[in-house]
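Just so you know, all these numbers are worked out from the coordinates, no wet-lab data involved. What you are looking at is a predicted structure, and each value in this text was computed from that prediction instead of being measured. Glycine gets a Cβ as well: all are built from the backbone with ideal geometry, and neighbour counts include every protein chain shown.
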Amino acid sequence: MRTLWTKKDLIEATNAIDPSLNFMNKIIGASGISIDDRTIKPGDLFIAFKGNKFDGHDFVTSAISKGAGGIIVSDLKLAQKYNGLLVNDTNKALLNIAKFGRNRFKGTTIALTGSSGKTSTKHLLSSALKTYGTTHSTQGNNNNIIGLALTLSRLNPDYKYCVLELGINNIGEMEELTKLALPDIALITNVTNSHIQNFKNEKEIASAK
């Protein structure tokens with residue numbers, strides 16, 4: 001099973017440098033990253049992400065039973081019980097891993113956005129690029145900051161291309177996304193009033209994108 005993340009990388013990426021906070025003594029590395037125990041694959045690292053209506057720590061046992069190769073938690077007892085990596089904030093840990101993953105990638109990163117056609121354009125572009133080299137891309141339409149973080153955390157550093165779909169609902173979100181994505185090339189499919197709820201007009205949408 002290919003190791004995407006070594007224990008050393010994970011400790012460095014999450015700034016969990018203090019050995020007393022690292023219980024990953026039985027973990028060699030991780031073949032993938034997951035925040036959802038329902039879709040976890042054997043060998044994945046499970047991050048106990050906290051949402052508005054759920055706490056990933058409640059699903060650690062389930063993730064382990066489904067083959068998780070390791071866990072990142074902010075709960076000392078869980079870290080000790082399952083040989084996990086203990087951090088202060090699991091949500092920040094995911095973002096930090098994504099940043100680390102993006103910074104170690106030396107291929108070409110392409111980010112695309114638009115009022116419509118983002119996902120289909122991403123599929124077309126990814127399919128075309130695959131004829132020229134290994135290509136990683138956003139799965140489905142997971143184009144918010146969490147989806148982007150997951151995409152980058154799963155990025156193989158040896159790949160040649162990375163295609164990222166970025167979506168926004170409010171002013172300022174694109175800046176946050178692009179700071180994480182650091183695209184070499186940016187594409188805008190179009191600008192319409194299809195998602196105008198939080199914007200004054202199409203001009204403001206275009207400016208935000």
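Remarks
- Beta bridges per DSSP with both ends in the stretch 1-155, % antiparallel, nearest 5: 35
- Taking 12 Å as the straight-line reach from the Cα of residue 106, the aspartates and glutamates in range (excluding those fewer than 8 positions away in the same chain) are 158, 184.
- Debye intensity ratio in log₁₀ form over the Cα atoms of the stretch 5-92, taken at each q of 0.17 Å⁻¹: -0.58
- The stretch 29-134: relative contact order in percent, alpha carbon pairs under 8 Å with at least 6 residues between: 18
- Sorted peptide list for 180-190, 105-115, criterion being average Cβ within 10 angstrom, highest first: 105-115, 180-190
- The alpha-carbon positions of the stretch 44-171 define a convex hull whose volume is 132 Å³ per residue.
- Entries of 66/130; 53/179; 53/92; 50/77 with Cα pairs more than 22 Å apart: 66/130; 53/179
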